[in-house]
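Down below is the structure, laid out as structure tokens.
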Amino acid sequence: MGNPDLAAAQKAEAFVVFDRVQKSYDGETLVVKDLNLSLPKGEFLTMLGPSGSGKTTCLMMLAGFETATHGEILLDGRPINNIPPHKRGIGMVFQNYALFPHMTVAENLSFPLEVRGLGRAAREEKITRALDMVKMGAFANRRPAQLSGGQQQRIALARALVFQPELVLMDEPLGALDKQLREHMQFEITRLAHDLGITTVYVTHDQTEALTMSDRVAVFNDGVIQQLAPPAELYEKPQNSFVAQFIGENNTLEGVVAEMGDGTCVVRLDDGGLIDAVPVNVTRVGERTRVSIRPERVEMNAARLQPGAHTLKAVVREFIYMGDIFRTRLSVAGNDEFIIKTRNAPDALRLEPGAEIDIGWLPQDCRALDA
Amino acid sequence: MAEILTTADGRPLKAALQAAQARAKRRAFWLVAPLLLFVLLTFVAPIGQMLVRSAHNDGFSAHMPRLTAWFAANPGAADDAAWEALALDLQDSAVAKTSGIVGTRVNYELSGTRSLFTSTARKAKDFAPPYREALLKADKDWDDPALWGVMRQVSQAYSGNFFLAAADLARDADGTIVQVPEDRRVYVNLFVKTFVLAGVITLTCLILAYPVAHLLATLPMRWSNLLMILVLLPFWTSLLVRTTSWMVLLQQQGVINNMMVAAGIIGEDGRIAMMYNQTGTIIAMTHILLPFMILPLYSVMKTIPPSYARAARSLGATSWTTFRRIYLPQTLPGIGAGSLLVFILAVGYYITPALVGGASGQLISNLIAFHMQDSLNWSLAAALAAILLALVLVLYWLYDRLIGIDNLKLG
Ligand SMILES: Nc1ncnc2c1ncn2[C@@H]1O[C@H](COP(=O)(O)OP(=O)(O)OP(=O)(O)O)[C@@H](O)[C@H]1O
Ligand SMILES: [Mg+2]
């Protein structure tokens, strides 16, 4: 936020804005610390983070069930701190679905329309459309208890969308589903959100879900957004060790910055080995750092490395055949959990435990992060 | 494939299965047998006995066999044979000292007749034909046709007379059913009053208990435990102590009146009668029955996750709509269970109205107790109790029809 005018312009354009929001439940600890976030209309944003990192709290503040201890939340340019929840017009899908058990599916969907004073004909039309949208038209007269988890989930989605909110919040809606159904629903939710042009805030602690569904992902830890970026950037260019560890599989090696170049640096590992890396969170020689390399970016074939690239000695500990890929565990520079993944190509090397090899990588794949 | 399946040692599989299950069933039966016996002895038997007693009283027929036989054989007015039967029966009853029992039975239907039987029986050993004259000489009231009508009625051991009496009805001399005189109609009004008061108590309990149960279900553990102890505290205190402490509070010279006088809200001569009337009964019984409302409500509310209310709010409902359409319907099983429990307990309550109810705060059970202990008209007491039982069962049936008994959640 170097340019205050630009920041102000972004804020005016954004649909949802968290502006220096803090939240404390007990007056002693901050559950959300200085949250700044702005969503343009139509964006699908995912909040990803470990348990207790404050994701639900953020949603609850946006939905109006908790008040921010400090800071402001703007919806469409208006501060909503003083708007009661029922006037915010935000659709919400709860983790446990929260379908009203004493009402049928149709009555559940009718509820938000009734409280908005819609006539019977208009209600029925909208209900039918919403049920068709989630392909649950045949279940209108069932009670929630008579539906499977995935069906309930779809009804919860239809109910959150039936009154055509511009903003929908979903709190781990797929947490209770099996893998297959989950993948199917992930697809359906993103399709609906894009088709209807809805702005979505989606909470999950499943990183695959976050990567596959979102336009942007906000990685939460300890009440702070660690990184806010599109999925590819998040995976390939983690900004700190937490993000690198949390998203995808990751190898880390610890060391000290030995040389600083223009956009590259050399890191001396604790056992003395030298490697090339991109400096991300390090600025000067002598600083401690933790470098991160994705398992699939590790190269065993020296011919494919840049000339003069540093390599490391590695000892194979374990070779796991996984069908499409091979997963090999190595000991590298004192780290016994160093993983490399290789595609099961016809010419792929199958390493025997005990073998000694040289490994290296392209400097841009190796990021020197905070220690 | 129609072959009969057999076990390894050749027995048919079905028989083996049945034998195995029979053993388990026998064992289960012996485990519940003590309870079954207990229930039979302490519940089914006494209630059955009560029901029988309400329709059966042989106080007359058992001790006046000749006259009873004559009534059974002759429909008309008393002839010489009838007078003779009466005289001889009275002689026997004087010897057996049962004239009091007979007199009491007749007295239930026609008051003031008990002494007629006891005094005449004392002179009976001198009776000689003609018996009519002898009896009339002993007491000329024997000529009263109403008395003979009543004696004919009570000679039948099985009769609905006690139920009639419990409904403020009676048979006149020729057996048609009429209402008793206005000044003696008590039971119907008392039944109505009992049900109305029980209804009022149930309602006040519901109104008071609903927010408390909600708090219990939603407060943080630390506070809800404390509140729960406060709710349960009355259970651990003697009913008599609780009732008498209400007496201390409510009497005209009691704590509340004193405070109001001291605060100048009412004058010294304007002390409010909050006890020995219906107000006292309602206040004390509401307090005593409150836990029976709170606990079922609490157990239902505890299971309602807050996300339902939040979902409703996020869907655009005001907090009132959320309460009315989402929360309240989900607490109905608790409301039903609590109300049924409190109402049925209130309808049969005895001690509290007896102590704080005064004359106007008495319920039907107090009258049943009166007939059991003071007037000793057990058959009438049994008839009143049977009617109470029937009304409660009707209520239960109505509840089942309207709300469904499977919707009942008692905890
Ligand atoms: N009502 C509350 N009162 C007090 N503390 C709370 C309350 N709700 C949440 N917290 C605390 O706030 C922190 C963040 O909670 P939050 O529910 O936002 O986490 P989350 O990121 O949604 O975690 P999860 O992935 O497990 O759902 C936690 O440490 C939690 O203990
Ligand atoms: Mg959460």
Restraint check, A:Lys179/B:Lys302; A:Lys55/A:Lys179; A:Lys41/A:Lys126; A:Lys55/A:Lys87; A:Lys23/A:Lys87, Cα-Cα greater than 25 Å: A:Lys179/B:Lys302
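Let me have the 222 nm mean residue ellipticity of chain B computed from DSSP H runs of 4+ only, each contributing -39500 (n - 2.57), with the sum over all residues rounded to the nearest 500. Please report the intermediate quantities before stating the final value.
Details: 19 runs with 266 residues, N = 411.
Using -39500 (n - 2.57) per qualifying helix, the result is -21000 deg cm²/dmol.
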Whole-Å distance, taken between Cα centres, linking the stretch A:189-216 and the stretch A:257-298: 34 Å
Acute angle (nearest 10 degrees) that the helix A:179-196 long axis makes with the longest principal axis of chain A, alpha-carbon atoms: 60 degrees
Table column - 3J(HN,Hα) (Hz), the stretch B:243-252, Karplus curve with 6.51, -1.76, 1.60, x for Gly and Pro: 5, 5, 5, 5, 4, 4, 6, 8, 4, 5
Helix A:4-13 axis, angle to chain A major axis (alpha carbon atoms, nearest 10°): 40 degrees
Two-site label geometry, B:Thr303 and A:Glu124: point separation in nm, points 7 Å out along Cα→Cβ: 3.5 nm
Pairwise centroid distance, computed over Cα atoms, of the stretch A:93-126 with the stretch A:308-339, Å: 55 Å
Amide H contacts under 5 Å for A:Val93, placed H, 5+ residues apart: A:Leu169, A:Met170, A:Asp171
Three-way shape call for the stretch A:134-201 based on the alpha-carbon gyration tensor, with the a/c threshold at 1.5: oblate
Which of B:Trp142, B:Trp378 has the fewest Cβ neighbours within 10 Å, and the rest in rising order: B:Trp378, B:Trp142
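If I take R0 = 45 Å and measure r between the Cβ atoms of B:Leu215 and B:Leu17 in this structure, what FRET efficiency does the formula 1/(1 + (r/R0)^6) give, to the nearest 0.05?
On the way: r = 54 Å, r/R0 = 1.19.
Here the calculated transfer efficiency is 0.25.
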Distance between modelled label sites at A:Asp336 and B:Arg184, nm, 7 Å Cα→Cβ extension: 10.2 nm
In order through the stretch A:120-127: 3J(HN,Hα) via Karplus (6.51 cos²θ - 1.76 cosθ + 1.60), integer Hz, x for Gly, Pro: 4, 5, 4, 4, 4, 5, 5, 4
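Partner chain Cβ atoms within 10 Å, averaged over the residues of A:94-103 - can you pull that number for me?
Mean shielding count: 5.
Using a 10 Å cut-off around each Cβ of peptide B:316-327, what is the average number of partner chain Cβ atoms that fall inside?
Numbers: counts 16, 7, 5, 3, 0, 4, 3, 0, 0, 7, 6, 0.
If you average over the peptide's residues, the count of other-chain Cβ atoms is 4.
Other chains near A:104-115: what is the mean number of their Cβ atoms within 10 Å of each residue's Cβ? The partial results should precede the final answer.
Details: counts 0, 0, 0, 1, 2, 1, 0, 8, 6, 2, 5, 9.
Partner-chain Cβ atoms within 10 Å, mean over residues of A:104-115: 3.
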Cα-based shape type of chain B, given that a ≥ b ≥ c are square roots of the gyration tensor eigenvalues and the cut on a/c is 1.5: oblate
Separation of alpha-carbon centers, the stretch B:12-73 and the stretch B:263-281, rounded to whole Å: 51 Å
Cα-based helix-to-principal-axis angle, A:105-114 vs chain A, degrees rounded to 10: 70 degrees
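Based on alpha-carbon atoms only, what is the radius of gyration of chain A relative to the globular estimate 2.2 N^0.38 Å? Please list the in-between numbers first.
Values: Rg = 24.6 Å, N = 371, 2.2 N^0.38 = 20.8 Å.
Against the empirical 2.2 N^0.38 Å value, I get 1.18 for chain A.
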Label-to-label distance, nm, for residues given as B:Leu393 and A:Phe187 (7 Å Cα→Cβ offset): 6.3 nm
Net charge, B:Val261 excluded, C-beta distance under 9 Å - Lys, Arg +1, Asp, Glu -1: 0
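Read-outs throughout are calculated quantities, based only on the coordinates presented, and are distinct from any laboratory measurement. The structure presented is a predicted model; accordingly, all values stated were derived computationally and were not measured. Because the Cβ atoms are built from the backbone with ideal geometry, glycine has one as well, and the counts that use them run over all protein chains shown.
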